[in-house]
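Note sheet for the following structure.
Nothing in this text is a laboratory measurement; each read-out follows from the coordinates by a stated rule. Keep in mind it's a predicted model, so treat the numbers as computed, not measured. A quick note on method: Cβ atoms are made from the backbone with ideal geometry, for glycine too, and the neighbour counts reach across all protein chains shown.
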Amino acid sequence: MPTSELTLVTGATGFVGSHLVDRLIERGANVRCLVRKSSDLRYLKHPKIDLAYGGLDDQTDWDSVLDGVNTIYHVAGLTFARRARDYYTVNHKGTEAIAGAALKHRDRIRRFVLISSLAAVGPSRDGEPVTEETEPNPITPYGRSKLMGEEAVWAVRDLLPVTVVRPPAVYGPRDYGVFEFFKSISRGVSPQIGRYEKQLSLVHARDLADGIILAGESEASIGRAYFISSEEIYTMGAVADRLAHVLSRRARTVTIPKAVAYAVALAAEGAAALLGKTPVLNRDKVTDLSQRGWACSVERARRELGYRQQVPLTEGLSETAEWYKKQGWL
C-alpha cells in the first residue's frame, strides 16, 4: 500500500484529463491513470505516473485499480458518438460502475469528483447565465447522459464524499472539439447558425484543471456542484473577432439557416456511418449551436473555492492556435 496520498484520474489520455494530470504532477501529487491497453499515451510520459489498465465496466479489476487511492477524478466520458445509446453506456453506466467500485473502498476514499458538463443543465435562457440552482433541462442525448451520470453520483452522496464539476465549452492545446472553428476563421469565414447573437462561457483547459483540483481539495465542496468557467460571458461574435485578430485574418460572418445546417448534419451522419466513423457535425451539435446562450455563472466557485480565471481569452486563443500550427493543422 502506498504510504502517501494517491490520486486516480480516468480519461487521462484525453484533452481535459491530460491537462489535469499535468497540474496534479506539478503540485507533487502521486497520480494513477486508468487507461486501456490500446490508449494513446503521448501525454502521459511523466515518470511519476502509474498506469492501471481497464475501462468503465464490471470487467475491470477495480480492487487493483483503486488499491491505495484516496482521491478519484472521474474525467472519462464520451463527447461524440454515432449512436445515442453509446453516450448512456459510457457517461451514465460507466459512472455507475466506478462509483459502485469506489463505495467498496469508501473507508479510504476522501473524495470522488465527477467532471460533468454544462450540457447536463442545458442552455441559458433569457440572457441569464445558469447557476447551480437552475433546474436541469438537457436538450441532447449527450446532455441527458451527463445528467444521469450526475444522478448516479448523487445517489451515493450519503456514503461517499462526492463533488460535481460542470465546465462549459473547453479549449486549449490538445483539443479537437473546437478545431473546426479555428480552421474556419483561419480561412476567413465565421459560421453562425441563425441570425441572432449568441452568448457563451468558455474555459481554458488549465483553468479548468485548477478549478477541478480546488473542488477536489476543499472541504466546503463535499456534496456540491460547481461551474468552472470564464468569469466573463462572451458573445460568439466577440470570440470570432478575437480569434481572427490572433490569426491575422479578416473573417466574414456567414449565417447558415438552421434547416440547412440540419440537412448538412444529416448528410454528414450518413457519410460517417458508411465509413464507420464518428461525424464531426451531427444534428445534436446543430441543436447545441442553434441555442441563444450557453452561459454559466462561476459565482459559487469564486465564493466557496476561491476560483479565479487565470488565462485571458486572447492569450488562450493565441496559445491554442500556436499548438494547432505546430501540429500542422493550421
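Would it be correct to say that Ser64 is assigned to a loop (DSSP other than H, G, I, E, B), surrounded by fewer than 23 Cβ atoms within 10 Å (Cβ to Cβ) and out of contact with any helix residue (DSSP H, G or I) (no Cβ under 9 Å at 6 or more places or on another chain)?
Details: assigned to a loop (DSSP other than H, G, I, E, B): no; surrounded by fewer than 23 Cβ atoms within 10 Å (Cβ to Cβ): yes; out of contact with any helix residue (DSSP H, G or I) (no Cβ under 9 Å at 6 or more places or on another chain): yes.
Considered against the rule, which asks whether it is assigned to a loop (DSSP other than H, G, I, E, B), surrounded by fewer than 23 Cβ atoms within 10 Å (Cβ to Cβ) and out of contact with any helix residue (DSSP H, G or I) (no Cβ under 9 Å at 6 or more places or on another chain), Ser64 comes out as no.
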Residues being within 18 Å of the chain's Cα centre (by Cα) and small (Gly, Ala, Ser) - total across segment 277-319: 5
Close pairs (9 angstrom Cβ cut-off, 6 or more residues apart or separate chains): in a loop (DSSP other than H, G, I, E, B) in segment 33-46, among the acidic types (Asp, Glu) anywhere: Tyr43/Asp22; His46/Asp22
Qualifying residues in segment 160-207 (those that are touching a Ser or Thr at 6+ places or on another chain (Cβ under 9 Å) and at positive phi) - the one surrounded by the most Cβ atoms within 10 Å (Cβ to Cβ): Gly172
Residue, nearest to Arg166 (Cα to Cα), within segment 288-320, restricted to residues that are surrounded by fewer than 15 Cβ atoms within 10 Å (Cβ to Cβ) and of a type outside the set (D, E, K, R): Gly306
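Leu103: outside any helix (DSSP H, G or I) and either buried (at least 20 other Cβ atoms within 10 Å of the Cβ) or among the hydrophobic types (A, V, I, L, M, F, W, C) (or both), yes or no? Walk me through how you get there before you give the answer.
On the way: outside any helix (DSSP H, G or I): no; either buried (at least 20 other Cβ atoms within 10 Å of the Cβ) or among the hydrophobic types (A, V, I, L, M, F, W, C) (or both): yes.
Here the answer is no, as Leu103 does not meet what is asked.
One line per residue, one yes/no per condition, for (1) without any contact (Cβ under 8 Å) to a residue 12 or more places away in the chain; (2) within 17 Å of the chain's Cα centre (by Cα); (3) more than 28 Å from Thr320 (Cα to Cα):
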residue	(1), (2), (3)
Arg157	no, no, yes
Val165	no, yes, no
Lys183	no, no, no
Ile193	no, no, no
